[in-house]
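Notes follow the structure.
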Amino acid sequence: MQAEFKSSINDFLEQLPNHARLYQKPAACLAVFRLLPILARQYVMSMLFNPMPVALSDFDLWTKMSSKVYQSESFNKLVSMHIFQFDGQHIILNDEFRKQFITALTGGGNHNSFGVPCIDEDKHRVDLDFLDKYAKETWETILHFMVGTPEGKYPGEGVLSLLRRGGLMTGPKNQLRITHSGFQFLLQDINTQIWTLLLEYLKLSEDTHMDPIQVLHFLFMLGSLELGRDYSVDFLTDTQQIMLEDLREYGIVYQRKTTSKRFYPTRLATSLTTDAHSLEGAKNDNDADKGFIIVETNYRLYAYTSSPLQIAIIGLFANLRAKFSNLVVGVITRDSIRRALMNGIAAEQIITYLSTHAHPQMKANVPLLPPTLVDQIYLWELEKNRLKATPGILFRDFLTDMEFDQAVEYAKELGVLVWDSSIKRMFFITTAGAQPMIAFLKRKAVK
């Protein structure tokens, strides 16, 4: 999953119109470097302290034969990110990137891109356990809301807006429900989940005329801060102070109150640009990181977990029959699968979830899941998909075959034709083609 989020944030970075501004901050250069493929990082480090252009043939000497397949990918990524400049025979490292990245590695300067620690001691200082608990509870509030178990707490309006904007939930404001993409979102690790929402936040910032470069600078700064240390708010720009308030809703930063002049990055923040799982250092009983589900050929399901979130996710596609302190018993039925399918959850996603969280005792089974269960889930999905409703308009009562054929041909050109019958002189098109088709028939009638 880490590779997926890296690909997404890199794709966003490649589309930026002004990389020169992005590379003006050492923390941003360090973060971008961490997000590069491994071979690309090797190339950057090999050229960092060498100001001279490097011949293209020299890169072959720096690359093992077993890694040649990744060479083109690394070059393309570095060029598209404007880190490498290519003149046909030589490669030149971007001067601004080189300068700021060296500053990031060696220290010095007054750029404040790695945050400004508070000098005075916090009278209400918090420890790592508190920050981990705060981050976990705040983030899981969002996940609980998505699966329909808000547990007394609801995400803020900003979070709900991003969930709708990202297609993770749909429906009216007071009747939001999870979508196909939303369930896929729940299957991902926390880092990928956070970046999914942050990328929507970045797109939203462009629509609200916030400076996306400042937004990125702040996110990359958070990824480089020291966990458990408090940092001053006074040195943040106006845009970044607005972001600070928004990011509290995700558990990425902690402030005792909105007027506080200091903030603490949580583990969700400090792992934004690393391969470490966001909360792997936290002291919690997170069953999602180990297998805990056993399923039988009679469709019974046993989940050895006490996590309310995991229990709620299982409840999306199974009927829960009994609940104990560390065990939940359920059964997968036709109705429970149909309920999940109606909520936009695909059969493949359910099977992937069961496989990912399978108990270690099931790992010895070949295949992992009972074939009867897997086949039946797919059959229930096919049963639901036998009929598909398409909203549209039926056209009929054509006087001649020529009129009918011309109208059908025009519908095909528009790409809106769903069904036609030359014998009955009838055809059906989507609602998108209604107005063009009516206008076409009127023009023909006038002639």
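The values are calculated or read from the model by the stated rules, or taken from the named source; none is laboratory data. What you see is a predicted model, and the numbers here were worked out from it, not measured in a lab. All Cβ positions, even for glycine, are placed from backbone atoms using ideal geometry, and neighbour counts span all protein chains on display. For the accessible areas, the whole protein counts, side chains as well, though only heavy atoms, and no ligand, DNA or RNA atoms are used. Shrake-Rupley method; radii C 1.70, N 1.55, O 1.52, S 1.80 Å.
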In whole Å, what are the extents of region 293-385 along the principal axes defined by its C-alpha atoms, from largest to smallest? 38, 29, 20
When a/c reaches 1.5 or more, the comparison of a/b and b/c decides; with that in mind, is region 392-446 rounded, prolate or oblate per its Cα gyration tensor? oblate
If amide H atoms are built 1.01 Å from N in the plane of the peptide, which residues on other chains or at least 5 residues away come under 5 Å of the amide H of residue 116? 232
So, with points 7 Å from each Cα along the Cβ direction, the residue 298-residue 361 label distance in nm works out to 1.5
What does the C-alpha gyration tensor say about the overall shape of the chain? Classify as rounded when a/c is under 1.5, otherwise prolate if a/b is larger than b/c, or oblate. oblate
So, with +1 on the Cβ of K and R and -1 on the Cβ of D and E, and no other charges, what is the size of the charge dipole of region 67-140 about its Cα centre, to the nearest 20 debye? 380
Would you mind working out the accessible area per residue for the chain, using a 1.4 Å probe, and quoting it in Å²? 51
So for R0 = 56 Å, FRET eff. of residue 352-residue 444 from the Cβ-Cβ r, to 0.05, ends up at 0.60
Check cross-link reach from residue 442 to the lysines: straight Cα distance under 30 Å, and skip same-chain residues fewer than eight apart. 412, 424
Between residue 409 and residue 335, what is the spin-label point distance in nm, taking each point 7 Å from the Cα along the Cα→C-beta axis? 5.5
Classify region 128-276: rounded, prolate or oblate, from the alpha-carbon gyration tensor (a ≥ b ≥ c, eigenvalue square roots; a/c under 1.5 rounded; otherwise prolate if a/b is larger than b/c)? prolate
GNM on the chain, Cα springs under 10 Å; top mean-square fluctuation among 364, 340, 269 goes to 364
Magnitude of the Cβ-charge dipole (Lys and Arg +1, Asp and Glu -1) of the chain about the Cα centre, nearest 20 debye, reported as 1020
Could you derive backbone 3J(HN,Hα) for region 171-176 from the dihedral phi with the Karplus parameters 6.51, -1.76 and 1.60 (θ = phi - 60°), listing whole Hz in sequence and x where the residue is Gly or Pro? x, x, 4, 9, 9, 5
Using a Gaussian network model of the chain whose springs link C-alpha atoms within less than 10 Å, name the residue from 369, 35, 394 with the highest mean-square fluctuation. 394
Rounded to 0.05, the calculated FRET efficiency for the beta carbons of residue 180 and residue 95 at R₀ = 35 Å is 0.15
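Residue 46 to residue 390: extension gain in nm, 0.36 nm per residue of separation minus the Cα-Cα distance? Let's see the in-between values first.
Numbers: separation 344, 0.36 × 344 = 123.84 nm, distance 5.75 nm.
Contour length minus the Cα-Cα distance gives 118.1 nm.
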Once you place label points 7 Å from the Cα toward the Cβ at residue 68 and residue 274, how far apart are they in nm? 3.7
Work out the charge dipole of the chain with +1 on the Cβ of Lys and Arg and -1 on the Cβ of Asp and Glu about the Cα centre, then indicate which of 368, 216, 337 is farthest towards its positive end. 337
If amide H atoms are built 1.01 Å from N in the plane of the peptide, which residues on other chains or at least 5 residues away come under 5 Å of the amide H of residue 253? 248, 266
Set the Förster radius R0 to 35 Å, insert the Cβ-Cβ distance between residue 203 and residue 306 as r into 1/(1 + (r/R0)^6), and round the FRET efficiency to 0.05. 0.40
Roughly how many Å² of residue 409 are accessible to a 1.4 Å probe, to the nearest 10? 100
Using only protein heavy atoms and a 1.4 Å probe, report how much of residue 34 is accessible, in Å² to the nearest 10. 80
HN-Hα J in Hz across region 334-340 - Karplus 6.51, -1.76, 1.60, θ = phi - 60°, x for Gly and Pro: 4, 5, 5, 5, 4, 4, 5
Taking a threshold of 23 Å on the Cα-Cα distance, which of the pairs 203/261; 77/203; 153/203; 77/99; 363/384 fall above it? 203/261; 153/203; 363/384
Given the whole protein assembly as supplied and a 1.4 Å probe, what does the accessible area of residue 25 come to in Å², nearest 10? 70
I'd like the Karplus ³J(HN,Hα) series for region 350-355: coefficients 6.51, -1.76, 1.60, θ = phi - 60°, whole numbers in Hz, and an x wherever there's a Gly or Pro. 5, 5, 4, 4, 5, 5
